[in-house]
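The values are calculated or read from the model by the stated rules, or taken from the named source; none is laboratory data. Predicted model, so just to flag it, every value in this text is computed and none were measured. Please note: Cβ atoms are built from the backbone with ideal geometry, for glycine as well, and neighbour counts cover all protein chains shown. Please note that ligands, DNA and RNA were not included when accessible areas were found on the heavy atoms of the full protein model with its side chains. Shrake-Rupley method; radii C 1.70, N 1.55, O 1.52, S 1.80 Å.
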Amino acid sequence: MKSRFAPSPTGYLHIGGARTALFAWAWAKKQQGQFVLRIEDTDRERSTQASVDAILDGMNWLGLAHDEGPFYQTQRFDRYQEIIEQLLSENKAYYCECSKERLQVLRDELTEKGEKAKYDGCCRDKKLKSGVVRFKNPLTGFVTFKDAVKGQISIGNQELDDLIIARSDGTPTYNLTVVVDDHDMDIDTVIRGDDHINNTPRQINLYEALGWSLPKFAHLPMILGSDGARLSKRHGAVSVMAYRDEGFLPEALLNYLVRLGWSHGDQEIFSLSEIVELFDLENINKAPASFNQEKLLWLNQEYIKTSSVENLLKNLAWHLDNQSVDTSKGPVIEAVIKHLQERSKTLVEMVDSLKMFYHDFDEFDKKLAAKQFKDSQPIELLLTKLEVLDDWVADNIKEQIKQTCEELGIGFGKIGQPFRLALSGNGNAGNIDVVAQLVGKDRTLARLQMALDYIAQHSH
RNA sequence: GUCGCGUUCGUCUAGUCUGGCCCAGGACCCCAGGAUUUCAUCCUGGUAACAAGAGUUCAAAUCUCUUACGCGACGCCA
């Protein structure tokens, strides 16, 4: 069994493409089949190597590995040429010399008359020797096929026209290449976006003209933006890699994407192996779905919370580098990650929270400092106690805070809050004793002293 | 315009094929309470939907028809 993902390299890998790829991948994996990656680069004007690289990067980051390919259609031109010649010689295709201008006028006229704009077959029987090559689509009858997600679809051949299969420069076009490739590559399930549904009957006619058997088709509904319009840049990030940049875990994105249009009862969380095990074509929704950042964020948080530290560290590497955080001097990073994973929605947020353990800061948050740094006495007392603390572990630090409270007859908040601010600079820190342990003795003492200096400076 | 596809809480969806268990369930968001050393987490509860109309039936979210709305295709793009 084989499925494929066949993007055209005219931009980065976007969310919609990624979901199509995921579904095709999951379907192949579920059946222990092969997943083929094919680059549809026959449009020489728009295809770029940068886009190919971007797509490969995106697939790689998501972990959707292909078993075959990537195949490039531009390297298969001989094969397409062969098929075009065959069709021509069998009188199933013909040359057409109609100018683009004539075609445009024709379209305008038909639209104005309220008819479907399609080629009129002007050159069908002229036996020309040059120009574009058009496929002789049947004039009558219906093309009916069963789509795995949409059900039975039927369209009259009268709605279809003689599509161009080769441009005037001889290069083949999409509808021809996709048929030849899916056949040659033994693809038995074609999974793609439902914007291709209208092409399917034409392709079926091509399959039939070539005497080839049909693959199964599964057309996925589109992904819409929050306003119901087709997902685009103005809805926020559409590039898969932008989600990495924003601190999402690939497995969280994958989980979100698989639930966009597919369901398995009420289950929300799917590990990669569960996706492979449970995925099916029957439970794909027919209707388009809107992309919802909030739910993705929730899933990401769930994954960060439950992920192994090793996995987090692996994914964090890029962000650490990106934000120039040097973790060589300070606590063991695994311990910090463990502390932070309960309280980070994204990896970006985690790296942000992680900075205070490795980098010193010059000043405190002004508003908070004005509020918390009023009374030097608790901080002073705590500092003297911590200075002589030998065994620098959370429990002992906590004990010193408690004693400070008791000796001064104050509540935990009176010392906890200033301490938290002193340690973090911005007040954002988890369990204060654990944080202090991780920050380390030297840095903790220095920061408490810095808080004291602040109070001295600001009291009059 | 023509053809194709679609329509369950704000969003993702279960239920639809095989009518009754659905005055419609789960999740995200939001709101209210609780636990908590800020943040976060966690727990409890709440708001909120079968696009509209007609028909079939003892019974319809589920079957049929019509309407509306949305999306897509109509390229020498894929």
Express the carbon and sulfur contribution to the solvent-accessible surface of region A:246-377 as a percent, rounded to the nearest whole number, probe 1.4 angstrom. 49 percent
Report ³J(HN,Hα) in whole Hz for each residue of region A:117-128, in order, from the Karplus equation J = 6.51 cos²θ - 1.76 cosθ + 1.60 where θ = phi - 60°; Gly and Pro get x. 6, 8, 5, 8, x, 3, 9, 3, 10, 7, 6, 6
Relative contact order for region A:360-460: what percent, with Cα pairs under 8 Å and sequence separation of 6 or more? 38 percent
If we count every other residue with Cβ under 13 angstrom of residue A:1's Cβ, Lys/Arg +1 and Asp/Glu -1, where does the sum land? +1
Please list, ordered by chain and number, the residues whose modelled amide H lies under 5 Å from the amide H of residue A:173; skip anything fewer than 5 residues away on the same chain. A:166, A:167
Here, GluC sites (Glu not before Pro) of region A:238-323 satisfying both criteria (DSSP loop; at most 11 other Cβ within 10 Å) are A:282
Mean accessible area per residue over region A:273-312 (1.4 angstrom probe, all protein chains present, square angstrom) is 52 Å²
Find the accessible area per residue for region A:360-460; the probe is 1.4 Å, ligands and nucleic acids are left out, and the unit is Å². 54 Å²
Between residue A:4 and residues 5 or more places away or on another chain, which pairs have amide H atoms under 5 Å apart, with H built 1.01 Å from N, and which residues are they? A:36, A:191
Is it possible to state the helix-based mean residue ellipticity at 222 nm for chain A, with each DSSP H run of 4+ residues giving -39500 (n - 2.57), the sum divided by total residues, to the nearest 500 deg cm²/dmol? What is it? -15000 deg cm²/dmol
For region A:3-98, the accessible surface attributable to carbon and sulfur atoms (probe 1.4 angstrom, ligands and nucleic acids excluded) amounts in percent to 43 percent
Kindly express, to the nearest 10 degrees and within the range 0 to 90, the angle between helix A:77-89's C-alpha long axis and the longest C-alpha principal axis of chain A. 30 degrees
